[in-house]
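Remarks on the structure that follows.
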Amino acid sequence: MMIKTLCVFCGSSMGREPYYAETARGLAGMLLANEIALVYGGANVGLMAILADTMLAKGGKVTGLMPTSLVEREVAHKHLTEMHIVGGMQERKALMADLSDAFIALPGAYGTLDELFEVLTWNQLGIINKPIGLLNIHGYFDPLIRMLDHAVAERFLRPEHREMLLIDDDPESLLEKLSSYQPVTAEKWIERLKQGDI
């Protein structure tokens, strides 16, 4: 598929090691080279700012989405191509999904994981059918990947739905995987309760 707009979920912190910021800059460079616009959370701090500033410095298009409550805390980026101020987090995530052809998660914490699992769940339920990638910088997401594999082994997650999450440690390779993604068609429910089981 042709990706024209990519949504990136990532931390509002820089992380402990410099390679997080370096990889975020590398991802921004890949987007610029492929003329892909960026959609992100709209902040001027952390990896979010690294992505946006790298794109903007070289003429890239950057769209931010931020709830009013965070704008009031003065963390909104003031120089984006476009900024959407929304009422709350759910509205923010829904608009991110509407505006984007694909998604990538970089290292982050609760907010990043919340956004990642929201779009994964929407894909699983067929609400959207868009590629989702995990940029696993220096193994940051290894524990999460093991948890998802454990969920498959324990029959809480279908293998087909586990494969919806495309994983790589290289931005260029991950972008290629997103571009060649084929939507999963498996039913969400591993088994349905038989009559009398409740």
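The values are calculated or read from the model by the stated rules, or taken from the named source; none is laboratory data. This is a predicted model, so every value here is computed, not measured. Cβ placement follows ideal geometry from the backbone for every residue including glycine, while neighbour counts extend to all protein chains displayed.
Of all the residues that make up region 141-167, how many are in contact with a strand residue (DSSP E or B) (Cβ under 9 Å, 6 or more places away or on another chain) and under 14 Å from A105 (Cα atoms)? Explain how you work it out, then say what you get.
First, the residues of region 141-167 that are in contact with a strand residue (DSSP E or B) (Cβ under 9 Å, 6 or more places away or on another chain): 141, 144-145, 148, 164-167.
Restricting the remaining residues to those that are under 14 Å from A105 (Cα atoms) gives 141, 144-145, 164-167.
Qualifying residue count for the region: 7.
Condition (residue is aromatic (F, W, Y) and either in contact with a Lys or Arg (Cβ under 7 Å, 6 or more places away or on another chain) or exposed (fewer than 12 other Cβ atoms within 10 Å of the Cβ) (or both)) applied to region 132-150: is it met by at least one residue? Lay out the reasoning, then the answer.
First pass over region 132-150, keeping only residues aromatic (F, W, Y): 140-141.
Among the residues that remain, those that are also either in contact with a Lys or Arg (Cβ under 7 Å, 6 or more places away or on another chain) or exposed (fewer than 12 other Cβ atoms within 10 Å of the Cβ) (or both) are: none.
No.
Among Q124, Q195, which is at pLDDT below 95 and exposed (fewer than 13 other Cβ atoms within 10 Å of the Cβ)? Break it down stepwise before answering.
Working: Q124 fails: exposed (fewer than 13 other Cβ atoms within 10 Å of the Cβ).
The match here is Q195.
On the basis of being at positive phi and in contact with a Cys (Cβ under 9 Å, 6 or more places away or on another chain), does G42 make the cut? Even if it seems obvious, please write down each step before you answer.
Numbers: at positive phi: yes; in contact with a Cys (Cβ under 9 Å, 6 or more places away or on another chain): no.
No; evaluated as a whole, the condition is false for this residue.
Of everything in region 67-84, what is surrounded by 15 or more Cβ atoms within 10 Å (Cβ to Cβ), in contact with a Ser or Thr (Cβ under 8 Å, 6 or more places away or on another chain) and modelled with pLDDT of 95 or more? Give them in sequence order.
If the condition is that a residue be surrounded by 15 or more Cβ atoms within 10 Å (Cβ to Cβ), in contact with a Ser or Thr (Cβ under 8 Å, 6 or more places away or on another chain) and modelled with pLDDT of 95 or more, then L80, T81, M83, H84 are the ones that fit.
Looking at region 151-161, which of its residues are surrounded by 11 or more Cβ atoms within 10 Å (Cβ to Cβ) and of a type in the set (K, R)?
R158 - this is the single residue of region 151-161 that is surrounded by 11 or more Cβ atoms within 10 Å (Cβ to Cβ) and of a type in the set (K, R).
Looking at (1) in a loop (DSSP other than H, G, I, E, B); (2) in contact with a strand residue (DSSP E or B) (Cβ under 6 Å, 6 or more places away or on another chain), which is the one condition that is false for C7?
Going through the list (1) in a loop (DSSP other than H, G, I, E, B); (2) in contact with a strand residue (DSSP E or B) (Cβ under 6 Å, 6 or more places away or on another chain), C7 breaks only (1).
Could you check region 48-151 for helices (runs of 4 or more DSSP H) lying wholly inside it with 1 or more residues that are of a type in the set (V, I, T) and touching a residue at least 60 places away in the same chain (Cβ under 8 Å)? So that I can check it myself, show each step before the final result.
Details: elements: 68-71, 89-99, 110-125.
In region 48-151, 110-125 are the helices (runs of 4 or more DSSP H) which contain 1 or more residues that are of a type in the set (V, I, T) and touching a residue at least 60 places away in the same chain (Cβ under 8 Å).
Name the one entry in R16, R25 that is without any contact (Cβ under 8 Å) to a residue 60 or more places away in the chain and in a loop (DSSP other than H, G, I, E, B). Give the steps one after another, and end with the answer.
Numbers: R25 fails: in a loop (DSSP other than H, G, I, E, B).
One residue alone meets the criteria, R16.
How many residues are at negative phi and in a loop (DSSP other than H, G, I, E, B) when one looks only at region 28-37? Let's see the steps before the verdict.
Filtering region 28-37 down to residues at negative phi leaves 28-34, 36-37.
With the extra rule that they be in a loop (DSSP other than H, G, I, E, B), the set shrinks to 34, 36.
Qualifying residue count for the region: 2.
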